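Single-structure report; data block below.
Every number here is computed from the coordinates shown, using simple stated rules; none is lab data. Predicted model, so just to flag it, every value in this text is computed and none were measured. All Cβ positions, even for glycine, are placed from backbone atoms using ideal geometry, and neighbour counts span all protein chains on display.
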Amino acid sequence: MSEALDPAPYDALLLLSFGGPEGPDDVVPFLENVTRGRGIPTERLKEVGQHYFLFGGVSPINDQNRALLEALREDFAKHGLDLPVYWGNRNWAPYLTDTLREIVRDGHRRVLVLATSAYASYSGCRQYRENLADALATLEVEGLDLPRVDKLRHYFNHPGFLEPMTEGLLASLADLPADARAGAHIAFTTHSVPVAAADTSGPVEGHGDGGAYVAQHLDVARLIVDAVRERTGVAYPWRLVYQSRSGAPHIPWLEPDICDHLEELHGAGVPAVVMAPIGFVSDHMEVLYDLDTEATAKAAELGLAVRRSATVGADPRFVAAIRELVLERAATQSGRAVERCALGSLGASHDLCPVGCCPARAPRAAVAGADSPYDRLEEIR
């Protein structure tokens, strides 16, 4: 194997995701996992789970992760990258702790983690790092040898993430009625989070006014709009909007909501909108329900032409980007010079989350950061 395709010191890749129910009987137990510690009654969870029941109680996220898992394995094999790929979830089988236990028992000692979230935020980064620390603590109690666990950097501005979304947006614009296309607007969507969580996302020096979470999404939106303008000659108006809000109504969350934005555009006489879910890696439930079902119904009610562009899913360019990120991190850890590929104004994200990055409401241990209690394991660095 050439040095360029050498994953050392890593000997395993873990695909880490949210998880979702795989049938009607799974919905409430899954939501109990998601909301553990909040004291939410079962009847309320049944109400919350109605959007899952509309799809037979099955979240598409698991099949989408299976497709990405297979695509990664095929791509690695095709390119001679000898790195086994595992899959674990935060909230449903295969559970993270079980997968890490399997990794350890298979003899792996240095694990690189790919989270299915491209941006900096508590729920999209720090919470996964806390989940990893919890899993390692369990393995430690069981007497297993702990692996060193690192996390791939945020990949929101990698060309392999941006290009599929750009092409998806172009296809959706082309699919609009010809008489509405010229006046179309683009609504870039992502998951809403509490304003306080957004303001403290990313490194401390960038906290405030949406933090890294909003800044990164805005940079992605600008990059895609610029690419669309270069290919079509049209500078489409656009805005970053939010979806999938949950939680207490008195707590401020990022706005505007996509449905409110559609009403605003309709009132302004806009003839058509493309919803571009740049905050999501695949077409999971927030995309299928909040956009394809709820927001699309709102657009129909308003008489507004609407299309929804594709997420990256298991697109070969995204899969290739992950391979490049794995090799980039391996080279960095081995002291080899490497180009850190990133577009836009923000540059390549950090490899190691600094102290104070995306803090939790209550301090909890987390791996893959400057304050990790497990990175003291010098013998497996």
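FRET efficiency for Glu102 and Asp260, Cβ-Cβ distance as r, R0 = 51 Å, nearest 0.05? Efficiency at R0 = 51 Å is approximately 0.70. Net charge dipole, region 212-274: roughly 180 debye, given to the nearest 20, about the Cα centre with Cβ charges of +1 for Lys and Arg and -1 for Asp and Glu.
Label-to-label distance for Ala370 and Gln50 is 4.7 nm, based on points extended 7 Å past Cα in the beta-carbon direction.
Other residues within the sphere of radius under 13 Å centred on the Cβ of Pro164, judged by their own Cβ, net out at -3 (K and R +1, D and E -1).
Taken about its Cα centre, the chain carries a charge dipole of about 420 debye when Lys and Arg each add +1 at the Cβ and Asp and Glu each add -1 at the Cβ.
Excluding same-chain neighbours fewer than eight residues apart, no lysines are reachable from Lys151 by a Cα-Cα span under 23 Å. The label-point distance for Ala171 and Ala67, in a model that sets each label 7 Å from Cα toward Cβ, rounds to 1.0 nm.
How big is the dipole moment of region 154-224 about its Cα centre under a simple scheme where the beta carbon of each Lys and Arg is +1, that of each Asp and Glu is -1, and everything else is neutral? Debye, nearest 20, please.
Values: 2 positive and 8 negative charges, 15 e Å.
Result for region 154-224 is approximately 80 debye, rounded to the nearest 20.
With K and R counted +1 and D and E -1, the other residues having a Cβ less than 12 Å from that of Thr138 yield a net charge of -3. Residues whose amide H falls under 5 Å from that of Val113, counting only those 5 or more places apart or on a different chain, are Leu14, Asp150, Lys151, Leu152, with hydrogens built in the peptide plane.
With the charge dipole of the chain set up from +1 on Lys and Arg Cβ and -1 on Asp and Glu Cβ about the Cα centre, the Cα lying farthest toward the positive end among the listed residues Ala314, Val241, Ala370 is that of Ala370.
On full extension, the segment bounded by Ala320 and Asn33 gains 100.1 nm, given 0.36 nm per residue less the C-alpha separation.
Rounded to the nearest 10 degrees, the inclination of helix 127-141 to the longest alpha-carbon principal axis of the chain is 30 degrees.
Provide the net charge surrounding Leu291, with neighbours chosen by a C-beta distance below 11 Å and charges set as Lys +1, Arg +1, Asp -1, Glu -1. Don't jump to the answer; show the numbers that get you there.
Working: positive: Lys298, Arg307, Arg308; negative: Asp283, Glu286, Asp290, Asp292, Glu294.
Once positives and negatives cancel, what remains is -2.
Counting only DSSP beta bridges with both residues in the chain, the antiparallel share comes to about 5 percent. Pick out which of Ile103, Ile40, Ile258 has the largest mean-square fluctuation in a Gaussian network model of the chain, springs linking Cα atoms closer than 10 Å. Looking only at Ile103, Ile40, Ile258, the largest GNM fluctuation is found for Ile40. When the charge dipole of region 194-234 is built from unit charges on Cβ atoms (+1 for Lys and Arg, -1 for Asp and Glu) and taken about the Cα centre, the candidate among Ala212, Gly202, Thr232 whose Cα reaches farthest toward its positive end is Thr232.
Compute the Cα gyration tensor for region 16-56, then decide on rounded, prolate or oblate, letting a ≥ b ≥ c be the square roots of its eigenvalues: rounded whenever a/c is under 1.5, prolate when a/b is larger than b/c in the other cases, and oblate in all that remain. Here region 16-56 falls in the oblate category. Straight-line cross-link partners of Lys78 among the lysines, defined as a Cα under 23 Å from its Cα and at least 8 positions apart when in the same chain, are absent.
Would you calculate a helix-derived [θ] at 222 nm for the chain, using -39,500 (n - 2.57) for each DSSP H run of n ≥ 4 and dividing by the full residue count, to the nearest 500? Intermediate results must be reported in sequence, preceding the final value.
Numbers: 13 runs with 145 residues, N = 381.
After summing the helix terms and dividing by residue count, I get -11500 deg cm²/dmol.
Taking 0.36 nm per residue of sequence separation and subtracting the Cα-Cα distance, how much length would be gained by fully extending the chain between Val338 and Leu302, in nm to one decimal? It would help to have the intermediate numbers written out before the result.
Working: separation 36, 0.36 × 36 = 12.96 nm, distance 5.11 nm.
Once the chain is fully extended between Val338 and Leu302, it gains 7.9 nm.
Can you pull the Kirkwood radius for region 59-135, inverse mean 1/r over Cα pairs, to one decimal in Å?
Details: mean 1/r = 0.0733 Å⁻¹.
Final number for the Kirkwood radius of region 59-135 is 13.6 Å.
Considering only Pro277, Pro41, Pro354, the mean-square fluctuation computed in a Gaussian network model of the chain, springs between alpha carbons under 10 angstrom, is largest for Pro41. For region 35-105, applying the loop criterion from DSSP together with a ceiling of 10 other beta carbons within 10 Å to the trypsin sites (Lys or Arg not before Pro) yields Arg36, Arg38.
Axis angle, to the nearest 10 degrees, between helix 316-333 and the longest C-alpha principal axis of the chain: 40 degrees. What's the center-to-center distance, using Cα atoms, between region 259-328 and region 115-176 in Å? Each part reduced to its Cα centre gives a spacing of 19 Å.
Determine the gain in length on full extension of the stretch Lys78-Ala235; use 0.36 nm per residue of separation and subtract their C-alpha separation, reporting nm with one decimal. Don't skip to the answer; put the middle values down first.
Working: separation 157, 0.36 × 157 = 56.52 nm, distance 3.94 nm.
Gain on stretching Lys78 to Ala235: 52.6 nm.
Of the residues Asn91, Ile61, Ala71, the one whose Cα sits farthest toward the positive end of the charge dipole of region 3-107, with +1 on the Cβ of Lys and Arg and -1 on the Cβ of Asp and Glu, is Asn91. Straight-line cross-link partners of Lys298 among the lysines, defined as a Cα under 29 Å from its Cα and at least 8 positions apart when in the same chain: Lys46.
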